[in-house]
1. Roughly what would the spin-label model give for residue B:71 and residue A:54, points 7 Å off Cα along C-beta, in nm?
2. If you take every DSSP beta bridge fully contained in the protein assembly as shown, what fraction is antiparallel? Give it as a percent rounded to 5.
3. For chain B, what is the percent of antiparallel DSSP beta bridges, rounded to the nearest 5?
4. Over all distinct Cα pairs, what is the inverse of the mean 1/r for chain B, reported as the Kirkwood hydrodynamic radius in Å?
5. In chain A, what % of DSSP beta bridges are antiparallel (nearest 5)?
6. Mind jotting down the distance between the C-alpha centroids of segment B:27-64 and segment B:73-108, whole Å?
7. Decide, for segment A:54-118, between rounded, prolate and oblate: order the square roots of the alpha carbon gyration tensor eigenvalues as a ≥ b ≥ c, take rounded if a/c falls under 1.5, and otherwise choose prolate if a/b is larger than b/c, else oblate.
8. With Cβ to Cβ distances under 15 Å as the rule, what net charge do the other residues near residue B:15 carry (K, R +1; D, E -1)?
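The values are calculated or read from the model by the stated rules, or taken from the named source; none is laboratory data. Note that the structure is a prediction, hence the values are computed from the model and not measured. Neighbour counts run over all protein chains shown; Cβ positions are idealised from the backbone, glycine included. When the accessible area is computed, the model is the full protein with side chains, heavy atoms only, and any ligands, DNA or RNA have been set aside. Shrake-Rupley method; radii C 1.70, N 1.55, O 1.52, S 1.80 Å.
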Amino acid sequence: DTGVSQDPRHKITKRGQNVTFRCDPISEHNRLYWYRQTLGQGPEFLTYFQNEAQLEKSRLLSDRFSAERPKGSFSTLEIQRTEQGDSAMYLCASSLVQYSVSYNSPLHFGNGTRLTVT
Amino acid sequence: GENVEQHPSTLSVQEGDSAVIKCTYSDSASNYFPWYKQELGKRPQLIIDIRSNVGEKKDQRIAVTLNKTAKHFSLHITETQPEDSAVYFCAASNQFYFGTGTSLTVIP
């Protein structure tokens, strides 16, 4: 188990630029989540995938944000026309959900990508 | 959607004392309640979780209790140690929704 990995660890960009982050989940995990976390706050849900299908997006998620998981493995999160308010830690997490049980399973988080928009 | 509230936002205890953090949730369909610990600059890590078919779960110095009727669950840490100092988050439902966190400081 190599854990959830995210790339890059840090990204500094100028306002108006586009950025893309990558997440590689634990290999056997079928669910992948994206969260945003600002200082002093809990992780804020952005979106999640079951295999390659994006099942839910937060209503708070701007249309400048888009996420993909094309082959059901790694995922990318793109932010277009970045704004200073997008500065945050972007966390990816994965889990293995077994369809035979009705309960969810624990999330395993990556180390996150810290975005700074100047 | 689910609404998770967490209290207190900060908590200071003397080493060896107990710490209790409480969360409430709104969706009666929620059936899974994990707790995460996040140290400064690090990723959140699961420390304990509970499913709605039990009322209490314990793992060494950490325990979680669940009251489904009142829709609240609590984290209990006994015999606190300085290395317990961190931010703790509760979550409910499909783990979409996290509490706002409790910053715990254990004073040696």
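1. 3.0
2. Roughly 90 percent of the DSSP beta bridges within the protein assembly as shown come out antiparallel.
3. Values: 35 of 40 bridges.
For chain B, the DSSP antiparallel bridge percentage is about 90.
4. That comes to 13.7 Å for chain B.
5. On the way: 34 of 38 bridges.
Percent antiparallel among DSSP bridges in chain A is about 90.
6. Between the Cα centres of segment B:73-108 and segment B:27-64 lies a distance of 9 Å.
7. Numbers: a/c = 2.29, a/b = 1.91, b/c = 1.20.
Prolate shape, in that a/c is at least 1.5 and a/b is the bigger ratio.
8. -3
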